[in-house]
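The values are calculated or read from the model by the stated rules, or taken from the named source; none is laboratory data. Being a predicted model, the structure only gives us computed values, none of them experimental. For neighbour counting, all protein chains shown are included, and Cβ atoms are generated from backbone atoms with ideal geometry for every residue, glycine included. Surface accessibility is based on the protein's heavy atoms, side chains included, excluding ligands, DNA and RNA. Shrake-Rupley method; radii C 1.70, N 1.55, O 1.52, S 1.80 Å.
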Amino acid sequence: MEPQKEPGRDKLEGGELHVRHGKVWHWFDNLWYHYKWRIILAAIGIFAVLFLTLSTCRRREPDYYFYYVGPGEFTGAQQSAIITSLGTAAGEDGQDAKVAVSFLFVMTNDQIAAFSEEHADDGLAVSGAQIMSNRELLADEIKTGNAILFFMDPEVLEETQSSSGAFLEIKQFAPEGTSEQAFSGEYGIKLSYTRFAYDPAFAAFPKDTVIAIRNGISALSLFQHDKALENRARYEALLRKWLILD
């Protein structure tokens with residue numbers, strides 16, 4: 001005769017003990033069993049993409065954009081020195097600004113003809129394709145780009161201005177009493193009349209290089225006119241800071 005069990009004290013024997021899982025658990029267990037390494041690799045890939053995306057979003061955008069446009073050519077070391085110098089010159093409160101600088105090799109047609117004549121006997125020639133491509137890049141920058149201050153060859157500046165009307169008269173930004181000799185036409189001021197006159201990094205620039213300031217307002221900025229004006233004002237203040245008296 002079996003002993004009577006007390007109410008509430010029913011127990012399962014060890015052999016009867018088991019855990020019941022739902023359908024979702026069985027589906028995941030089966031998936032993990034068959035595709036474990038694929039899932040791990042996919043998770044690593046997703047993590048890497050998220051990390052790179054977040055890093056890109058947090059990356060600091062340049063405070064200022066600048067261009068050099070002319071027949072000057074610069075080594076990598078010279079470009080780095082120029083970028084560093086501009087970062088310092090554009091900084092505030094002892095902190096360097098983050099700047100981006102593009103170097104475009106551009107010559108006018110007259111300069112190309114003069115170069116070809118000068119080097120007729122030694123076989124040197126400029127790349128017309130490169131110059132044409134860089135002219136297109138310059139035109140795009142003038143229409144839609146971020147750069148407002150340009151370091152330019154005076155002849156290239158004159159040619160660009162005649163075709164685009166993109167630059168402002170420079171005298172309005174110069175200190176009162178600045179010598180007329182400081183200006184190259186109406187739109188450029190010589191580097192020798194700026195804070196870069198004795199900067200070793202800027203010794204790499206051709207001696208007749210000038211600074212010009214782009215209007216920065218175009219039909220494409222019609223719906224962001226106030227923002228465009230605000231951005232240009234930042235560069236105007238920077239230009240005034242860079243100019244020095246004769």
Determine the pairs where a residue that is over 25 Å from Thr108 (Cα atoms), located within the stretch 63-83, has a partner that is surrounded by 16 or more Cβ atoms within 10 Å (Cβ to Cβ) with Cβ atoms under 6 Å apart, the partner being 6 or more residues away or on another chain. Tyr64/Ala90; Tyr64/Val99; Ala81/Ala201; Ile83/Val101
Starting from residues that are loosely packed, with under 12 Cβ neighbours inside 10 Å and part of a loop (DSSP other than H, G, I, E, B), keep the ones in the stretch 110-125 and report whichever is modelled with the lowest pLDDT. Gly123
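Being open to solvent by 80 Å² or more (accessible area, probe 1.4 Å) and not polar (S, T, N, Q) is the filter here, so list the residues in the stretch 130-157 that pass it.
The answer is Met132, Glu136, Leu137, Asp140, Lys143, Glu155.
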Regarding the stretch 180-200, can at least one residue be identified that is farther than 23 Å from Ile82 by Cβ, out of contact with any strand residue (DSSP E or B) (no Cβ under 9 Å at 6 or more places or on another chain) and surrounded by fewer than 19 Cβ atoms within 10 Å (Cβ to Cβ)? yes
When every residue in the stretch 86-109 that is among the hydroxyl-bearing types (Ser, Thr, Tyr) and open to solvent by 20 Å² or more (accessible area, probe 1.4 Å) is compared, the one farthest from the chain's Cα centre (by Cα) is Thr88
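In this structure, is Ile217 of a type outside the set (Phe, Trp, Tyr), part of a strand (DSSP E or B) and either surrounded by 12 or more Cβ atoms within 10 Å (Cβ to Cβ) or in contact with a Lys or Arg (Cβ under 7 Å, 6 or more places away or on another chain) (or both)?
no
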Test of understanding: among Lys207, Lys227, Lys171, which residue is open to solvent by 80 Å² or more (accessible area, probe 1.4 Å) and within 24 Å of the chain's Cα centre (by Cα)? Lys227
Within the stretch 98-137, which residues are out of contact with any strand residue (DSSP E or B) (no Cβ under 6 Å at 6 or more places or on another chain) and under 20 Å from Asp63 (Cα atoms)? Lys98
Checking Thr88, Thr56 in turn, the sole residue that is at pLDDT 95 or above and either charged (D, E, K, R) or part of a helix (DSSP H, G or I) (or both) turns out to be Thr88
Which condition number does Lys227 fail, the rest of (1) touching a residue at least 60 places away in the same chain (Cβ under 8 Å); (2) of a type outside the set (Asp, Glu); (3) part of a helix (DSSP H, G or I); (4) farther than 21 Å from Phe105 by Cα being met? (1)
